[in-house]
Amino acid sequence: MKSLYDVAAPAKLNLFLHITGKRADGYHLLQSAFALIDWCDTLHFELRNDGEISREDLGTPLPRQDLILRAAQALQSAGATRRGVHIAVDKKIPSQAGMGGGSSDAASCLLALNRLWQLNLPLEQLSRIGLALGADVPFFLSGRNAWVEGVGEKITPLNLTSARYLVLKPSDGLQTSLIFGHPGLGIDTKTATISGFAANPRSFGCNDLQGVAQQLCPAVTQALEWLATRGLGGRMTGSGSAVFAWGSEGVEDLDLGAVPSAFEARWCSGLDVHPLLGWASGHGLPVCGD
């Protein structure tokens with residue numbers, strides 16, 4: 001095997017996000033339901049035998065040392081391989097959106113290179129590598145929609161009903177560190193249960209980061225207000241600045257041409273599983289709701 005082309009890295013939406021506490025080391029404890037959607041980056045991998053790792057940006061330019069390169073370097077070290085790779089990235093998921101694009105790229109990179117380099121590391125080991133890169137990486141490695149807790153490392157696969165979402169991304173982005181470091185962020189939301197979420201997933205809970213995000217980025221409020229003028233109850237995903245609304249009969253006929261030019265808008269479908277499910281051993285976890 002000398003190459004892997006058209007490797008998908010899907011985005012996610014946080015259907016809710018609660019902050020339930022804070023650890024002594026400063027990391028926040030969360031609960032959330034993560035839903036995979038079909039807004040994807042695409043990565044291409046070509047084997048190099050000189051041990052070098054290089055990257056080419058086919059779309060939106062990425063930072064010089066991004067999560068993709070860091071993931072490749074970490075896996076190369078963990079696998080003690082002398083093989084290298086050239087990675088071409090067609091970036092479509094907006095940055096600083098709360099949609100997990102960078103983490104998803106890193107996860108797909110780990111899964112693809114584990115196969116391309118024939119390392120055959122199990123999912124558990126890949127997840128440990130991923131968690132050191134970012135809190136959301138283990139979710140994307142897990143391969144399924146999930147109930148996520150802790151700092152992102154406690155993952156319970158979750159069965160979600162098919163859904164469509166209208167996603168709006170303001171041109172302004174948000175730095176996650178600014179939100180989690182804000183003195184106005186609440187950290188004591190009552191612990192929720194999967195059964196409570198499953199009873200009414202469309203209206204369950206809230207995003208505890210949204211209030212602070214709206215203070216830091218007025219465009220988040222503007223996007224939510226635009227959705228409200230269309231009768232849609234919007235919610236921010238992750239640490240923003242993207243917001244989304246659930247689709248329903250009639251709503252999906254909404255003309256995206258009417259969306260203000262300040263927002264990138266897209267109808268997205270939820271994914272039942274990650275496109276790379278099964279690329280590492282250990283994907284056979286039971287799914288809640290099955």
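Side notes on the structure shown:
- Candidates 258, 35, 192: whichever shows maximal mean-square fluctuation once the chain is modelled as a Gaussian network with Cα springs under 10 Å: 258
- Listed residues 80, 146, 132, most fluctuating in the chain (Gaussian network, C-alpha, under 10 Å): 80
- Length-normalised contact order of the chain in % [C-alpha pairs under 8 Å, at least 6 apart]: 25
- Region 15-94: GluC sites (Glu not before Pro) in DSSP coil with no more than 16 other Cβ atoms inside 10 Å: 52
- Separation of alpha-carbon centers, region 220-243 and region 1-73, rounded to whole Å: 24
- Here the Gaussian network model covers the chain, with springs between Cα atoms less than 10 Å apart; of 221, 237, 60, 60 fluctuates the most.
- Sorted peptide list for 85-93, 154-162, criterion being average Cβ within 10 angstrom, highest first: 85-93, 154-162
- Kirkwood analysis of the Cα pair distances in region 220-261 returns a hydrodynamic radius of 10.8 Å.
- Reciprocal mean inverse distance between Cα atoms of region 147-231 - Kirkwood radius, Å: 15.4
- The C-alpha atoms of the chain define a longest principal axis, and helix 101-116 lies at about 30 degrees to it.
- Translational diffusion of region 3-157, µm² s⁻¹ [Kirkwood Rh, Cα pairs; Stokes-Einstein; 4 °C; 1.567 mPa s]: 82
- Only DSSP H runs of four or more residues enter the estimate; each adds -39500 (n - 2.57), and after division by the residues of the chain the mean residue ellipticity at 222 nm equals -7500 deg cm²/dmol.
- Zero-based 5 Å bins, Cα pair distances in the chain, whole percents: 1, 6, 13, 16, 18, 17, 13, 9, 5, 2, 0, 0
- Eligible lysines near residue 190 by straight Cα distance, threshold 21 Å, same-chain separation 8 or greater: 22, 154
Since every read-out is calculated from the coordinates, none of them should be taken as a lab result. Keep in mind that what you see is a predicted model, and the values were worked out from it rather than measured. Glycine also receives a Cβ, built like all others from the backbone with ideal geometry; neighbour counts cover every protein chain displayed.
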